[in-house]
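Participant: Got a structure for you, questions after.
The values are calculated or read from the model by the stated rules, or taken from the named source; none is laboratory data. Source: prediction; values computed, not measured. Cβ placement follows ideal geometry from the backbone for every residue including glycine, while neighbour counts extend to all protein chains displayed. When the accessible area is computed, the model is the full protein with side chains, heavy atoms only, and any ligands, DNA or RNA have been set aside. Shrake-Rupley method; radii C 1.70, N 1.55, O 1.52, S 1.80 Å.
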Protein chains: 2
Amino acid sequence: MSKNALLIIAHGSRKTSSNDEVVTVVSKVKEELGDSFDSVSVAFLELATPSIEDGVRESITEGATHITLVPYFLALGKHVSMDIPDIIQKQQLLYPNVTFKFTSHLGSQEGIITLLSDMALESLR
Amino acid sequence: MSKNALLIIAHGSRKTSSNDEVVTVVSKVKEELGDSFDSVSVAFLELATPSIEDGVRESITEGATHITLVPYFLALGKHVSMDIPDIIQKQQLLYPNVTFKFTSHLGSQEGIITLLSDMALESLR
């Protein structure tokens with residue numbers, strides 16, 4: 001039986017409150033997704049824990065056979081295009097029976113345009 | 001007559017393509033907003049141009065009396081809470097007749113939750 005894990009990957013900050021902010025976002029995503037995923041977690045590329053490796057291991061320990069990776073980044077920089085894929089490639093070698101699937105990064109979503117427009121319009125009210 | 005400018009403030013990257021990505025997002029926001037704002041532009045905190053000071057000056061040169069500032073950031077770190085407000089405070093002294101208004105940062109928007117959830121669900125299809 002296949003089990004789906006969702007891992008939202010953020011950059012990580014020296015500022016605990018910034019990391020906490022991401023943790024809160026991810027807990028709301030988990031709530032919104034209901035039973036669609038068997039687990040929903042956050043992992044940080046650097047400066048904070050859990051690391052991506054920790055997040056992958058934990059998901060697999062909980063039985064995941066498919067892991068969806070969502071880069072919580074606004075731009076397609078080196079982190080999204082190289083650093084995170086490099087880490088996942090190593091995880092794929094460690095866990096050859098698990099399927100890893102990247103979505104595009106958050107900033108590429110057309111919905112961002114509407115969000116920004118709504119924020120701007122709200123300021124005029 | 002009051003004239004409204006929108007300035008979307010991003011961090012800025014050494015990678016030109018990342019900055020270009022933000023420029024594209026902002027041009028789509030401009031399109032979506034139609035006539036609601038007299039000008040819509042992007043400015044970068046560091047590593048790229050135009051700077052925030054440039055963006056403010058340009059908006060005012062074009063006649064802006066009210067400037068809405070949208071922080072294109074995912075977390076409420078030092079940049080959003082201190083660095084950008086410090087710069088704007090100095091601009092306020094330079095242009096005492098212009099009204100500056102901050103929105104909250106992008107990452108604080110509840111719409112982000114839906115976007116992330118949709119991205120995750122899409123990966124299962």
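Participant: In peptide A:29-35, what is the residue-averaged number of other protein chain Cβ atoms found within 10 Å of each Cβ?
Facilitator: Working: counts 8, 3, 2, 7, 6, 1, 0.
Across A:29-35, the average partner-chain Cβ count within 10 Å equals 4.
Participant: GNM, chain A, Cα, under 10 Å: largest mean-square fluctuation among A:L47, A:L115, A:L106?
Facilitator: A:L115
Participant: Something else about it: Name the long-range amide H neighbours of B:S51: under 5 Å, sequence gap of 5 or more, or other chain; modelled H, no Pro or chain starts.
Facilitator: The list, which skips near neighbours in sequence, is B:F44.
Participant: State the percentage of accessible surface on region A:1-88 attributable to carbon and sulfur atoms; use a 1.4 Å probe and exclude ligands, DNA and RNA.
Facilitator: Working: 2090 of 4040 Å².
Answer for region A:1-88 is 52 percent, counting heavy atoms of protein chains only.
Participant: Under the rule of at least 5 residues apart or a separate chain, name every residue whose amide H is placed under 5 Å from the amide H of B:I8.
Facilitator: B:S41, B:V42, B:A43, B:V70
Participant: On average, how many beta carbons from a partner chain sit within 10 Å of the beta carbon of a residue in B:63-76? List each step's numbers first, then the result.
Facilitator: Details: counts 0, 0, 0, 2, 1, 6, 2, 6, 1, 6, 2, 12, 13, 5.
Counting Cβ atoms of other protein chains within 10 Å of each residue's Cβ and averaging gives 4.
Participant: Could you tell me which GluC sites (Glu not before Pro) in region B:1-80 are loop residues by DSSP with no more than 14 other beta carbons within 10 angstrom of their beta carbon? Could you put the intermediate results ahead of the total?
Facilitator: Values: sites: B:E21, B:E31, B:E32, B:E46, B:E53, B:E58, B:E62; in loops: B:E46, B:E62.
Hits after loop and neighbour filter: B:E46, B:E62.
Participant: Tell me, what HN-Hα J-couplings in whole Hz come from the Karplus equation 6.51 cos²θ - 1.76 cosθ + 1.60 at θ = phi - 60° for each residue of region A:7-15, using x for Gly and Pro?
Facilitator: Karplus values, whole Hz, x for Gly and Pro: 10, 9, 9, 10, 5, x, 9, 5, 8.
Participant: Given axes a ≥ b ≥ c from the Cα gyration tensor, I'd like to know whether the protein assembly as shown is rounded (a/c under 1.5), prolate (a/b larger than b/c) or oblate. It would help to have the intermediate numbers written out before the result.
Facilitator: Working: a/c = 2.47, a/b = 2.14, b/c = 1.15.
Because a/c hits 1.5 or more and a/b exceeds b/c, the protein assembly as shown counts as prolate.
Participant: I'd like the distance between the alpha-carbon centres of region B:1-70 and region B:85-110, rounded to an integer number of Å.
Facilitator: Going from one Cα centre to the other spans 12 Å.
Participant: Any idea what the relative contact order of region B:1-84 is, in percent, if you count C-alpha pairs under 8 Å spaced at least 6 apart?
Facilitator: Values: 126 pairs, mean separation 36.3, N = 84.
So the answer I get is 43 percent.
Participant: Related question: What residue among A:G111, A:G55, A:G63 has the largest mean-square fluctuation in a Gaussian network model of chain A, using Cα springs under 10 Å?
Facilitator: Top of the fluctuation ranking is A:G111.
Participant: On full extension of the chain, what length is gained from A:L124 through A:E32, given 0.36 nm per residue of separation minus the C-alpha to C-alpha distance?
Facilitator: On the way: separation 92, 0.36 × 92 = 33.12 nm, distance 3.01 nm.
Answer, rounded to one decimal: 30.1 nm.
Participant: Which of rounded, prolate, oblate describes chain B, given a ≥ b ≥ c as roots of the alpha-carbon gyration tensor eigenvalues and a/c under 1.5 marking rounded, otherwise prolate only if a/b is larger than b/c? Could you put the intermediate results ahead of the total?
Facilitator: On the way: a/c = 1.84, a/b = 1.60, b/c = 1.15.
Verdict is prolate for chain B.
Participant: Treating only the Cβ atoms of Lys and Arg (+1) and Asp and Glu (-1) as charged, compute the dipole magnitude of chain A about its Cα centre; round to the nearest 20 debye. Could you put the intermediate results ahead of the total?
Facilitator: On the way: 10 positive and 16 negative charges, 45 e Å.
I would put it at about 220 debye.
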